[in-house]
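Data first, discussion second: the structure below is written as structure tokens.
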Amino acid sequence: MMATVNYGPDNLAVPTVIVALVANLVGTLLPDIDQASNRLWDMIPGGNEIGKLLKRVLMGHRTVSHSLIGIMVVYWGMGWLLNRLLNNNFVNINAVFMALMIGYISHLVADGLTEEGLPLLWPIKWKFGIPPIKSWRIKTGKWFENWVVFPTVTLFLIWYLWENWRGLL
């Protein structure tokens, strides 16, 4: 959405926008692919079993999929996959790829704000977070996230849409 406002929708056809929105959603869920409870697994038959298997293969939650190695694997893997799945005559593959990666990186940034932090240098167990002092970070699922973070993000998005709605048309 913000990329569309900033770069203009002039060159984005409706199919590209639709596929990019789906790709962005998939990108936000992709780092948690190592969990059977991931919404991606609800979309396919037997998905929970695949999620359980991947949790073992990826050595648990917040390991490789939340690291720099994971970012590179997703970057190269999705770049390769999207070029084979999508027809560049109908959908702007670069826009879809950017939407997917923005979703993926946004998930990691949000996780970096939590107490648990991110194992960016995985397999080294050193975890990074913002701010660096762990006790100042957000506790996932607690009152601050639910009553401050989510409403603030929602209000920001509403304000951003209000201020830039002409750029979306």
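The values are calculated or read from the model by the stated rules, or taken from the named source; none is laboratory data. Just so you know, these numbers come straight off a predicted model, no measurement behind them. Because the Cβ atoms are built from the backbone with ideal geometry, glycine has one as well, and the counts that use them run over all protein chains shown.
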### Message
Only one of PRO119, PRO131 is surrounded by 11 or more Cβ atoms within 10 Å (Cβ to Cβ) and not acidic (Asp, Glu). Can you tell me which?
### Response
PRO119
### Summary
So, first residue without any contact (Cβ under 8 Å) to a residue 60 or more places away in the chain in the stretch 61-76, second residue among the polar types (S, T, N, Q), Cβ within less than 6 Å, six or more apart or across chains; the pairs are HIS61/GLN35
#### Entry: Flag if ALA20 is more than 12 Å from the chain's Cα centre (by Cα), aliphatic (A, V, I, L, M) and part of a helix (DSSP H, G or I)
yes
### Query
If you scan the stretch 33-50, which residues turn out to be in a helix (DSSP H, G or I), within 17 Å of the chain's Cα centre (by Cα) and surrounded by 15 or more Cβ atoms within 10 Å (Cβ to Cβ)?
LEU40, TRP41
## Note on the structure
Scanning the stretch 52-106 for residues that are in a helix (DSSP H, G or I) and of a type in the set (Lys, Arg), the one nearest to ASP34 (Cα to Cα) turns out to be LYS55
### Message
What are the pairs with Cβ atoms under 9 angstrom where one residue, in the stretch 5-32, is more than 16 Å from SER65 (Cα to Cα) and the other, located anywhere, is at pLDDT below 90 and of a type in the set (Ser, Thr, Tyr)? Sequence gap at least six, or different chains.
### Response
VAL5/TYR160; LEU12/THR4; VAL17/THR4; ALA20/THR4
